[in-house]
Every structure is written in structure tokens, then in C-alpha cells.
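Engineer: This is the structure, below, for whatever I ask next.
The values are calculated or read from the model by the stated rules, or taken from the named source; none is laboratory data. Keep in mind the model is a prediction, meaning the values are calculated, not measured. Here the Cβ is made from the backbone with ideal geometry for all residues, glycine too, and neighbour counts use every protein chain on show.
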């Protein structure tokens, strides 16, 4: 069975600092990987996805993630965060071709001035 | 972009009553909708897959008689929590899918259910 581990439940950072949100997955078959963001009182919004091809994926709002098959990781990074990036971030995985997503527990990113 | 509307955003009810949550795709036809549940500090867990015009497919451990799903049209799926109990208190969120790959999966804003 697939599973997703987000190692940090909360990550506080200062504005303009770099950030990395960690995500590891387990699966015995090829997977698609996703990062979603949830701002307060809003639905989940897709940040970026990895389906195939280049392992470095660029998404919206300056975020990027790198798929590392050997380490089964898909960490999310941003070189300089803004206060508006404060939100909950979810890593998710689906078995290739399936629309069913398995989510991590989420990481709450708080950007302080 | 496409929008999925979920209503209500929060609801408080007495134990033993039923609660209905609606999920609407506002500007596209969604043949498939998904219902998730999230307990505090836990992952979103898929409860069921709702297909227009057919019975929902429930994940293992989810009681289909307790969580009634109706997907009567291409823009509306409803989740009814029947005879709710305090342990059903949770955050419920739906998503709607264009046919195809997951990038066309849109989420509602969720419903916080509190059962007293």
C-alpha cells in the first residue's frame, strides 16, 4: 500500500528565508507525486506535480520540488518565502494513472515578519 | 479557473441527527467526485469515489450505510452522515475531477462537522 510521510508538522520561518518542506513516500509501483497548498478557509490548490520526465519540477508561486527515486522523496522548496506563503501544505501520491490520492498529514508553514 | 463549491463550511448537530454536505462543480461537469475526511493532525483519508449515475465506491472501513453518497447530476454530489455521533466529528472535503489526469482535480473548501 502507498503511504506518504511529511516529517514536519509545523515549520516556522522568517520572511525572505529559504524553506524546505519534506515529503517521503512508499510505493511498490510507479507513482505520480503532488504538492497542494491550503490557505485558511479555502480548498486545496495544486502547487506542482511530478508525472514523469525531469525530476526537478517548478510550480506556482516560486515553489519547486525534486523527485528523488532512490530516496523516495519529493521535497518542496522555495528560496525566499513571503508572509503570504503562510498556509498548510500537503504532499500526495497516486499510483500511476489513478485519480485516488493518498495524502500526508500536512505541514503548516508560518512565515513571520 | 474551475471552482468546486462545498456547503456548508461548518455545521454543528446533535447526536443522532443526519447532516447533508453538498459538493458542486460550478463551471464544469464532473463525472467523478471524491470525498475525503480529515481528523485533527491526521492525513486526508479517501472515504469514497462518487460516479454520476451509479453507486459510490467506498474505501475499506467506511460504512456505506452511514455515509450516504448521491451523485445525481454531473455538477452535484452529496454526502449525508446519518445518525451522526461525536466520533463522526471531522473535516470533510470533496474534490471533483475532469476526465483525465490528476492535474484537473479541484477541491472544495471543506466542511467542519461537530457532533454534540
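Engineer: Taking the conditions exactly as written (modelled with pLDDT under 90, closer than 18 Å to residue B:114 by Cα and either more than 10 Å from every other protein chain (Cβ to nearest Cβ) or crowded, with 18+ Cβ neighbours inside 10 Å (or both)), does residue B:42 satisfy them or not?
Structural biologist: Answer is no for this residue.
Engineer: Sticking with this one: Please specify each residue of segment A:23-42 satisfying the condition of being closer than 18 Å to residue A:109 by Cβ and touching a strand residue (DSSP E or B) at 6+ places or on another chain (Cβ under 7 Å).
Structural biologist: Scanning segment A:23-42 gives A:23, A:24, A:34, A:35, A:36, A:37, A:38, A:39.
Engineer: So which residues in segment A:1-37 are under 11 Å from the mean Cα position of the chain (by Cα) and at the interface with another protein chain (Cβ under 9 Å from one of its Cβ atoms), if there are any at all?
Structural biologist: A:4, A:6, A:34, A:36
Engineer: Need at least 2 residues that are in contact (Cβ under 8 Å) with a residue 24 or more places away in the chain per element, so show me which strands (runs of 3 or more DSSP E) inside segment A:1-92 make the cut, counting only ones lying wholly within it.
Structural biologist: Where strands (runs of 3 or more DSSP E) fall fully within segment A:1-92 and carry at least 2 residues being in contact (Cβ under 8 Å) with a residue 24 or more places away in the chain, they are A:3-5, A:10-14, A:19-21, A:24-26, A:31-38, A:44-50, A:64-68, A:73-78.
Engineer: Would it be correct to say that residue B:69 is in contact with a strand residue (DSSP E or B) (Cβ under 9 Å, 6 or more places away or on another chain), closer than 17 Å to residue B:96 by Cα and touching a residue at least 60 places away in the same chain (Cβ under 8 Å)?
Structural biologist: no
Engineer: Going by the conditions given, is residue B:70 surrounded by fewer than 20 Cβ atoms within 10 Å (Cβ to Cβ) and either facing chain A (nearest Cβ under 10 Å) or under 22 Å from residue A:94 (Cα atoms) (or both)?
Structural biologist: No.
Engineer: I've got another one for you. Before we move on, is residue B:109 within 13 Å of chain A (Cβ to nearest Cβ), surrounded by 13 or more Cβ atoms within 10 Å (Cβ to Cβ), part of a loop (DSSP other than H, G, I, E, B) and in contact (Cβ under 8 Å) with a residue 24 or more places away in the chain?
Structural biologist: The answer is yes for residue B:109.
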